[in-house]
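**Q** One structure is given below, represented as structure tokens, and several questions about it will come after.
The values are calculated or read from the model by the stated rules, or taken from the named source; none is laboratory data. Being a predicted model, the structure only gives us computed values, none of them experimental. As a convention, Cβ positions derive from the backbone with ideal geometry for all residues, glycine included, and neighbour counts pool all protein chains shown.
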Amino acid sequence: MSILVDQFIDNMLQSLQCSAHVKDLKTGKYLCSNLINVRKFGFSKPEDINGATIYDLNDFMLPFWGEKILPNTIRQECEVRDTGKTTIDTGRAFLTKDGFICVHHMTKTPIPNSNGIISSVFTMSANITDKLTLEQLWVMYKRFYLINKQRAIQMYLTHIGVFHLFNECPTEAEIRVLIARTQADSYKKIAELLNLSIKTVESHISNLNKKTKNFDLSSIVYLIKITDPHTLPL
């Protein structure tokens, strides 16, 4: 029966369209995972994470996810073990191994063994980054790439699906105009949104058009979408 249960859990993990894994609570080791989860850490297949612990991941993920992820994860899993209840952690933001911002809604659910003892924990992390506005996401990229504004621009444009449409990176001011262009279609309205002169807006849009790969700016604006890069095909 245990083998069938394990197989069912693994099959369920692989079918989910969000990050998911199962850990042994005694050893802290990952027992199984899905592809979306491991790609956040730079791995290419679910088996790559089996047997690792959060401490192993922290050794190379610390520069990406910061100081709070490790203690928060341990605290949450101890709570699951001690209470036998599901815990929820929402709004956790970090960088994945490949540099994309990820905001999670994380649920940890206890799994009892055949003796009824909580022995493992099932974690499901829904990526809610697409619930952010374009402006909120841009602010996050600037915060995470505080000392490398050019990188922030590159990663942001990649995340919203349009970096490949430019042959030259826009400036920060032009990014703000690009975002405003998704909310308004006239120079006057964009100028009002950004508290700029119409002439300045015209200049930025002209520069944006010059930096595209023969695309009309309206076409680029139409294609902008916040997605989870880790759900895309390899």
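**Q** Determine which member of the set G99, G84 is in contact with a Pro (Cβ under 6 Å, 6 or more places away or on another chain) and modelled with pLDDT of 90 or more.
**A** G84
**Q** To continue, here is another question. With the checklist (1) under 30 Å from D82 (Cα atoms); (2) free of Cβ contacts under 8 Å to residues at least 12 places away in the same chain; (3) surrounded by 15 or more Cβ atoms within 10 Å (Cβ to Cβ) in hand, flag the one item G116 doesn't pass.
**A** Going through the list (1) under 30 Å from D82 (Cα atoms); (2) free of Cβ contacts under 8 Å to residues at least 12 places away in the same chain; (3) surrounded by 15 or more Cβ atoms within 10 Å (Cβ to Cβ), G116 breaks only (3).
**Q** Give the residues of segment 142-172 that are at pLDDT 95 or above, farther than 15 Å from N209 by Cβ and more than 20 Å from the chain's Cα centre (by Cα), sorted by residue number.
**A** E172 - this is the single residue of segment 142-172 that is at pLDDT 95 or above, farther than 15 Å from N209 by Cβ and more than 20 Å from the chain's Cα centre (by Cα).
**Q** Moving on to the next point. Are there any pairs with C-beta distances below 8 angstrom linking a residue in segment 169-183 that is without any contact (Cβ under 8 Å) to a residue 60 or more places away in the chain to a residue that is of a type outside the set (A, V, I, L, M, F, W, C) and assigned to a loop (DSSP other than H, G, I, E, B), with the two at least 6 apart or on different chains, and if so which?
**A** L178/P170
**Q** If I go through segment 33-63 residue by residue, how many of them are in contact with a strand residue (DSSP E or B) (Cβ under 7 Å, 6 or more places away or on another chain), closer than 18 Å to M106 by Cα and not small (G, A, S)?
**A** So the count comes out to 4.
**Q** Which members of segment 109-128 meet the condition of being among the hydrophobic types (A, V, I, L, M, F, W, C) and not in a strand (DSSP E or B)?
**A** Passing the criteria: I117, I128.
**Q** Counting only residues that are touching a Gly at 6+ places or on another chain (Cβ under 7 Å) and modelled with pLDDT of 95 or more, how many does segment 111-141 have?
**A** Final tally of qualifying residues: 0.
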